1. For region 17-50, give me each residue that is surrounded by fewer than 20 Cβ atoms within 10 Å (Cβ to Cβ), under 24 Å from GLU66 (Cβ atoms) and either acidic (Asp, Glu) or free of Cβ contacts under 8 Å to residues at least 12 places away in the same chain (or both).
2. Could you identify the single residue in PRO27, PRO50 that is in contact with a Cys (Cβ under 7 Å, 6 or more places away or on another chain) and assigned to a loop (DSSP other than H, G, I, E, B)?
3. With the structure loaded, tell me whether SER93 is without any contact (Cβ under 8 Å) to a residue 24 or more places away in the chain, on the phi < 0 side of the Ramachandran plot and not aliphatic (A, V, I, L, M) or whether it fails that test.
4. Considering region 74-90 alone, what residues qualify as being touching a residue at least 24 places away in the same chain (Cβ under 8 Å) and more than 19 Å from VAL117 (Cα to Cα)?
5. Among the numbered criteria (1) over 13 Å from the mean Cα position of the chain (by Cα); (2) at pLDDT below 95; (3) among the hydroxyl-bearing types (Ser, Thr, Tyr), which one does SER44 miss?
6. Exactly one condition in (1) assigned to a helix (DSSP H, G or I); (2) touching a residue at least 12 places away in the same chain (Cβ under 8 Å) is false for SER2; which is it?
7. Restricting to helices (runs of 4 or more DSSP H) lying wholly in region 57-160: which have 1 or more residues that are touching a Ser or Thr at 6+ places or on another chain (Cβ under 6 Å), at pLDDT below 95 and of a type in the set (S, T, N, Q)?
Amino acid sequence: MSPKILIVDDHEVVRHGVRSILARSRPQWEICGEASDGKHAIESVLLADPDVIILDITMPGMSGLEAAAEISKLGLRCRILIFTMHESERLVSDLRAVGAHGYVQKSQASRDLVAAVETLLGGGTFFGPTLQSEPSKKKEPGSGPSLGRVFSSFVSLCPV
């Protein structure tokens with residue numbers, strides 16, 4: 001049976017970029033659904049029963065952190081991978097506290113996303129190679145790449 005992946009992000013172009021990266025690298029993985037906010041993420045998890053949820057942290061209404069906490073409380077088998085522009089040691093602590101199993105920076109998606117999903121599918125956690133190898137290096141929210149730069153890198157990955 002193919003692993004099922006749910007993609008949750010409030011920007012359609014990001015969802016499309018994630019879908020493209022996964023489809024090119026692991027065509028056997030099934031994208032079982034997409035959602036654009038935390039509330040719909042929870043509904044989609046209940047309907048689609050994914051193995052991994054790729055969940056944006058910053059969304060209108062219910063944030064990815066709030067959705068991750070709610071999904072974790074459901075006691076399902078799905079693994080939660082947070083997808084964010086931010087990186088900090090505090091973020092890792094917050095993600096672990098809400099039950100997330102890992103995170104990938106959006107600016108590193110082409111390098112880390114497939115490896116992170118594979119790690120979660122194998123039962124492991126993925127909290128970013130930068131923080132795992134350099135724990136003293138901190139980046140505060142807002143100090144990472146601009147949203148425009150992130151979207152540009154996704155658009156360049158998408159087939160025309």
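1. Of everything in region 17-50, those that are surrounded by fewer than 20 Cβ atoms within 10 Å (Cβ to Cβ), under 24 Å from GLU66 (Cβ atoms) and either acidic (Asp, Glu) or free of Cβ contacts under 8 Å to residues at least 12 places away in the same chain (or both) turn out to be ASP37, GLU43, ASP49.
2. It is PRO50.
3. Criteria met by SER93.
4. Within region 74-90, LEU74, SER88, GLU89 qualify.
5. (2)
6. (1)
7. The helices (runs of 4 or more DSSP H) meeting that bar number zero.
The values are calculated or read from the model by the stated rules, or taken from the named source; none is laboratory data. The model shown is predicted, which means the values in this text are computed figures rather than measured ones. Please note: Cβ atoms are built from the backbone with ideal geometry, for glycine as well, and neighbour counts cover all protein chains shown.
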